[in-house]
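These notes are about the structure you will find just below.
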Amino acid sequence: MKKAWLPLALTLAFNLNPAAAADDDLAKFQDDSRKIVKELATQLGGKLQSELKANGPASTIKVCKDIAPAMLSEMSRKTGQRITRVSQKVRNPLLGTPDAWEQKVLADFEKRLEKEKPGMLEFAEVVSEPQGKYLRFMKAIPVQGACLDCHGGSDALDPSVKETLKAEYPHDKATGYTLDQIRGAFSFKKAL
Ligand code: HEC
């Protein structure tokens with residue numbers, strides 16, 4: 001009788017219950033990911049503005065094209081996970097195409113957009129995949145004024161931008177956006 005209590009006591013003391021442990025991991029992961037998004041968004045926003053002021057819209061393309069993927073790649077290496085930007089309407093299909101889970105979450109964000117602000121949309125879950133369990137998190141990226149130069153409707157695009165986009169992304173789907181839609185989402189995936 002006495003012995004039967006031991007496993008329970010241990011479970012309570014050391015949180016050996018796998019479900020509870022995963023919940024704790026998920027909460028911490030979500031919190032850490034939010035901080036990373038904030039840092040990335042602030043840095044990218046700043047770089048977009050300063051580059052636009054200094055060298056004009058066509059030259060600003062490199063911020064979204066080179067600097068953003070480089071920052072995500074560095075952050076992925078540093079934190080031992082995969083951090084990407086995904087979208088339902090991609091400009092770069094190699095980096096931006098969502099997997100099945102990401103497609104589902106993006107579709108859900110579009111529905112939630114009817115009642116929630118784009119900047120508030122996020123979702124976290126522990127997902128079992130053939131390779132194992134993963135912590136996954138997505139946070140929507142709202143369309144802001146600064147994005148319309150390159151992701152807005154045809155009349156919002158500077159001719160120099162239009163020309164560059166047409167040459168470099170002949171299959172571009174990432175235009176025609178308006179304020180407060182979502183451009184896509186930051187997506188985090190970490191092995192549990
Ligand atoms: C000066 C042009 C320019 C501006 C301004 C710009 N982008 Fe982009 N954006 C691009 C280009 C070019 C790509 C393709 C990047 C690549 O090749 O991986 C891109 C890709 C993206 C992607 C990755 C998904 C995809 O479609 O390939 C996201 C997300 C994104 N932009 C969000 C934004 C947001 C949010 C803003 C405003 C804060 C913004 N962009 C402003 C040019 C721009």
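The values are calculated or read from the model by the stated rules, or taken from the named source; none is laboratory data. What you are looking at is a predicted structure, and each value in this text was computed from that prediction instead of being measured. Here Cβ is always computed from backbone atoms with ideal geometry, including for glycine, and neighbour counts include all displayed protein chains.
Across the range 56-67, the qualifying residues are those that are near the ligand (Cβ under 7 Å from one of its atoms) and within 26 Å of Ile83 (Cα to Cα), and the one among them that is nearest to the chain's Cα centre (by Cα) is Cys64. Total residues in the range 42-56 satisfying the condition of being surrounded by fewer than 17 Cβ atoms within 10 Å (Cβ to Cβ) and either farther than 23 Å from Met138 by Cα or among the hydrophobic types (A, V, I, L, M, F, W, C) (or both): the figure is 7. Filtering the range 18-55 to residues that are closer than 22 Å to Glu74 by Cα, of a type in the set (Asp, Glu) and either touching an Asp or Glu at 6+ places or on another chain (Cβ under 7 Å) or away from the ligand (no atom under 16 Å from the Cβ) (or both) leaves Asp31, Asp32.
Scan the range 99-126 for residues that are touching a residue at least 24 places away in the same chain (Cβ under 8 Å) and in contact with a helix residue (DSSP H, G or I) (Cβ under 6 Å, 6 or more places away or on another chain) and the total you get is 3. For the range 90-114, the set of residues classified as more than 7 Å from the ligand (Cβ to nearest atom), in a loop (DSSP other than H, G, I, E, B) and either over 13 Å from the mean Cα position of the chain (by Cα) or more than 12 Å from Ser187 (Cα to Cα) (or both) consists of Leu113, Glu114, listed by residue number. Listed by first and then second residue, the pairs with beta-carbon distance under 9 Å, at least 6 apart or on different chains, first residue in the range 23-44 and free of Cβ contacts under 8 Å to residues at least 24 places away in the same chain, second among the polar types (S, T, N, Q), are Asp24/Asn15.
Within the range 154-189, the residues that satisfy the criterion of being modelled with pLDDT of 95 or more, assigned to a loop (DSSP other than H, G, I, E, B) and under 23 Å from the mean Cα position of the chain (by Cα) are Tyr169, His171, Asp172, Lys173, Ala174, Thr175, Gly176, Tyr177, Thr178, Leu179, Gln181. Per the conditions (1) within 10 Å of the ligand (Cβ to nearest atom); (2) in contact with a strand residue (DSSP E or B) (Cβ under 8 Å, 6 or more places away or on another chain); (3) among the hydrophobic types (A, V, I, L, M, F, W, C), the sole criterion not satisfied by Val161 is (2).
For the range 66-90, enumerate the residues that are among the basic types (Lys, Arg) and either in contact with a Leu (Cβ under 8 Å, 6 or more places away or on another chain) or at pLDDT below 95 (or both). So that I can check it myself, show each step before the final result.
Start the filter on the range 66-90 by keeping residues that are among the basic types (Lys, Arg), which leaves 77-78, 82, 85, 89.
Result: Arg85, single match.
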